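Before any comments, here is the structure.
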Amino acid sequence: MKYLIALGLCLPGLALATPAPASIDLWQLQQEAASADPRVLRAQAVVRSGEGREREALGQMLPQISASGSINRSRRDDDLGRTEYNGKRAVVSLNQAIYDPQVWRSYQKFRQLTRQRDFEAEDTRIQASIDLAERYFAVLAAEDELALVRAELDATQTDNKRLKALLAHNMATTQDSQAMQARVDNLVADEIEAANRVAVAREAISELVGRDVQEPLKRIASNATYTLPAQSRDYWEQTALRENPGIKARERSLDAAQAAISEAKAGHLPKLGLSLTALRSDIGYEGTLTPRSENYVASLDMQVPLYSGGSTSARVASSMGDRDAAEQELEALRRQVKRETATAFLTMNAELQRIKATRVAVESTTAATRSAQEVYKRGINTSTDVLYSIREEFRARRDLQQAQYRFITSLLTLHRWRGQLTDSDIRRANDWLVEP
């Protein structure tokens with residue numbers, strides 16, 4: 001029964017107990033991971049935090065209005081007698097910064113930090129998509145390796161049984177039988193290791209999706225065609241240096257560090273503010289009852305810093321160090337992006353050539369296998385020769401599949417470093433996948 005299921009066949013009138021689970025593709029997993037990957041969710045939360053801090057800094061430049069009030073019950077004892085009375089007091093005040101360079105430059109700093117977090121969130125989203133694609137094709141590669149080992153094991157076990165039968169009739173040597181059995185034992189161990197690699201690769205996908213992924217994965221179509229992008233390597237490198245969100249995030253970080261220097265230097269500058277106050281009260285000195293009065297005050301307040309113990313200068317020096325560090329981080333990332341873009345472009349070109357070569361190898365090894373099987377039927381060669389041909393054919397097919405996996409991931413990685421990996425790019429890669 002299991003062989004019929006494996007071959008996709010079924011005898012008439014024989015119903016299968018359970019239907020095969022539906023396969024899943026790269027796009028479906030991308031949709032799940034978008035709302036489940038902790039890195040993406042954390043980046044979104046950091047963006048919201050940055051927006052709140054920017055709004056908080058903006059609020060420091062807007063009017064600050066406050067109100068206060070109190071109701072008192074007082075009793076006064078003196079030589080003339082005892083007096084009890086109620087008192088009320090209400091105050092409304094408005095303060096507005098007219099010239100406060102420190103507050104303004106602080107707002108500029110947080111504004112740049114918010115833009116930085118926006119670009120970092122986009123970079124995280126793109127990297128998460130690439131990670132999932134790489135892990136998806138890693139599962140397919142591990143399953144290809146497992147299929148190769150199992151096919152070789154099945155053929156070797158068949159050959160081992162034949163050799164033991166020949167040995168029983170003294171038509172084979174004990175040494176040949178022992179060597180064949182050793183090969184079977186090694187393949188059994190290889191099968192266990194290959195199956196473990198499949199399980200580990202699937203766990204890597206489950207980590208990003210947030211659930212146990214056990215469905216069959218759609219695989220590369222046998223008739224898939226690939227073409228290289230029309231643009232040159234220089235185009236991709238220059239576009240990446242200009243559009244990569246990681247670089248843009250570092251540029252915003254550098255702008256924020258420069259704004260932090262200006263903010264620190266503003267500690268040496270004067271501040272000018274407007275204050276408006278309205279007071280209504282019938283409470284006098286030491287709580288005495290006085291006739292109700294209303295006071296309205298408008299004032300301009302100026303503060304001129306003279307000496308802060310050197311803390312302002314120290315803050316400026318510290319901010320300059322942060323700016324220098326941000327400059328070096330930006331330069332390091334630019335170099336990395338240029339290198340990664342060039343690597344992805346060269347790898348993509350190499351894998352396309354490899355795909356063409358391995359397709360020829362598949363055709364030749366397939367023909368060699370058929371020829372070996374025909375010769376074996378005539379008794380000219382041995383089953384070992386047939387086994388070797390089958391092994392070479394399976395390896396050629398595996399190499400073809402893995403070359404296709406590397407081509408697709410290199411293409412996506414190229415878009416990743418360019419900074420413009422979109423849903424359409426993922427869908428285009430997903431179009432190469434079909435039901436297994």
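Readers should treat all values here as calculations from the given coordinates under stated rules, not as data from a laboratory. Here the structure is a predicted model, which is why all the values come from computation and not from measurement. Every residue, glycine among them, receives a Cβ derived from its backbone with ideal geometry; neighbour counts consider all protein chains shown.
Pull out the extension gain between Thr174 and Thr422, defined as 0.36 nm times the separation in residues minus the alpha carbon to alpha carbon distance; nm, one decimal.
Numbers: separation 248, 0.36 × 248 = 89.28 nm, distance 6.21 nm.
So the chain would gain 83.1 nm between Thr174 and Thr422.
If you place +1 on the Cβ of every Lys and Arg, -1 on the Cβ of every Asp and Glu, and leave all else neutral, what size is the dipole of the chain about its Cα centre, to the nearest 20 Debye?
Charge dipole, the chain, about its Cα centre: 460 debye, nearest 20.
What dipole magnitude, in Debye to the nearest 20, does the stretch 298-347 give about its Cα centre under +1 on Lys/Arg Cβ and -1 on Asp/Glu Cβ? Before the final figure, lay out the partial values.
Values: 6 positive and 7 negative charges, 48 e Å.
Rounded to the nearest 20 debye, it is 220 debye.
At 0.36 nm per residue, minus the direct Cα-Cα distance, what do Asp212 and Val92 gain on full extension? Give it in nm, one decimal, please. Walk me through the numbers on the way to the answer.
Working: separation 120, 0.36 × 120 = 43.20 nm, distance 6.08 nm.
Once the chain is fully extended between Asp212 and Val92, it gains 37.1 nm.
Residues with beta-carbon under 12 Å from that of Gly50, excluding Gly50: net charge, scoring Lys, Arg +1 and Asp, Glu -1?
+3
Starting from the Cα-Cα distance between Glu203 and Asp431, subtract it from 0.36 nm times their residue separation and give me the gain in nm to one decimal.
Details: separation 228, 0.36 × 228 = 82.08 nm, distance 2.43 nm.
Difference between extended and current length: 79.7 nm.
Which order do the peptides 222-233, 54-65, 148-159 take when ranked by the mean count of other beta-carbon atoms within 10 Å per residue, highest first?
Details: 222-233: 10.4, 54-65: 13.6, 148-159: 17.2.
Put in order of decreasing packing, that is 148-159, 54-65, 222-233.
Note down the net charge around Glu331, summing +1 for each Lys or Arg and -1 for each Asp or Glu among other residues with Cβ under 14 Å from its Cβ.
Details: positive: Arg250, Arg323, Arg334, Arg335, Lys338, Arg339; negative: Glu251, Asp324, Glu327, Glu329.
After counting each charged neighbour, the total is +2.
For an R0 of 41 angstrom, estimate the FRET efficiency from the Cβ-Cβ distance between Ser371 and Ser232 and round to the nearest 0.05.
According to the calculation, E is roughly 0.40.
Could you rank the peptides 198-211, 297-310 by their average count of other C-beta atoms within 10 Å per residue, with the highest value first? Don't skip to the answer; put the middle values down first.
Working: 198-211: 16.2, 297-310: 9.4.
Top to bottom by mean Cβ count within 10 Å: 198-211, 297-310.
Between (1) 37.7, 139; (2) 24.8, 85; (3) 23.0, 75, which matches Rg and Dmax of the Cα atoms in Å calculated for the structure shown?
Comparing each candidate, only (1) matches the computed number.
With label points built 7 Å along Cα→Cβ from the Cα atoms of Ala195 and Thr343, find their separation and express it in nm.
Simple spin-label model gives 3.5 nm for this pair.
Would you list His415, His169, His268 from fewest to most Cβ contacts within 10 Å? Kindly include the intermediate steps, with their values, before the conclusion.
Details: His415 23, His169 7, His268 15.
Exposure proxy ranking, most exposed first: His169, His268, His415.
Restricting to Cα pairs below 8 Å that are 6+ residues apart, what does the relative contact order work out to for the chain? Please round to a whole percent. List each step's numbers first, then the result.
On the way: 560 pairs, mean separation 101.4, N = 436.
Reported as a whole number, the value is 23 percent.
Taking only C-alpha pairs under 8 Å that are 6+ residues apart, what is the relative contact order of the stretch 328-425 in percent? Intermediate results must be reported in sequence, preceding the final value.
On the way: 70 pairs, mean separation 42.0, N = 98.
In percent, rounded to a whole number, it is 43.
Lysine pairs in the chain with alpha-carbon atoms under 25 Å apart, 8 or more places apart or on different chains: how many are there?
The number of close lysine pairs in the chain is 9.
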